[in-house]
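Only one structure is covered here, and it is reproduced in the block below.
The values are calculated or read from the model by the stated rules, or taken from the named source; none is laboratory data. Note that the coordinates shown come from a computational prediction; the quantities given were computed from them, not determined experimentally. Note that we place each Cβ from the backbone using ideal geometry, even for glycine, and neighbour counts take in every protein chain shown.
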Amino acid sequence: MYRFKDLFKRIREEAGLTQEQMGRALNVSTVLVSMVETGQKEASKKLVAKLAESLGVRASSILPFVATKDDEEMVTGVEKMLVEAAEKLQVHLIAVKSKRLRVYAES
């Protein structure tokens with residue numbers, strides 16, 4: 001599973017956007033995009049909401065599937081199954097939904 005900063009960057013790259021274009025698509029600064037991608041700044045709820053809206057998904061469908069430092073050691077088989085399901089959703093977000101960002105970047 002990706003940490004949010006990595007997921008954010010992968011979505012941008014899959015959409016074929018520069019950091020500047022991503023900022024334009026989400027109506028935020030290029031500096032903020034860079035800082036989130038490098039982990040210098042945590043993503044705010046507002047940024048997650050903008051990203052979700054641009055992708056055409058609910059914010060709640062992104063955040064539960066973001067890895068944390070504690071997720072590196074899964075304890076049960078059920079947790080491992082949930083992580084596998086989350087990874088499939090992340091692949092979908094990256095490969096399919098990211099294309100929607102181009103529309104926002106170009107407007």
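Tabulated values for the structure
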read-out: Residue list for segment 9-18, filter: under 12 Å from LEU101 (Cα atoms) and either assigned to a helix (DSSP H, G or I) or in contact with a strand residue (DSSP E or B) (Cβ under 7 Å, 6 or more places away or on another chain) (or both); value: ILE11, ARG12, GLU13, GLU14, ALA15
read-out: Qualifying position, being modelled with pLDDT of 95 or more, under 16 Å from ILE94 (Cα atoms) and among the hydroxyl-bearing types (Ser, Thr, Tyr), among THR38, THR30, THR18; value: THR18
read-out: Condition met for ILE62 (surrounded by 15 or more Cβ atoms within 10 Å (Cβ to Cβ), within 27 Å of SER107 (Cβ to Cβ) and modelled with pLDDT under 90); value: yes
read-out: Segment 10-36: number of residues that are farther than 14 Å from LEU55 by Cβ and surrounded by 20 or more Cβ atoms within 10 Å (Cβ to Cβ); value: 2
read-out: Matching residues, segment 30-66, being under 18 Å from ASP6 (Cβ atoms) and assigned to a loop (DSSP other than H, G, I, E, B); value: GLY39, GLN40, LYS41, GLU42, ALA43, SER44, VAL57, ILE62, VAL66
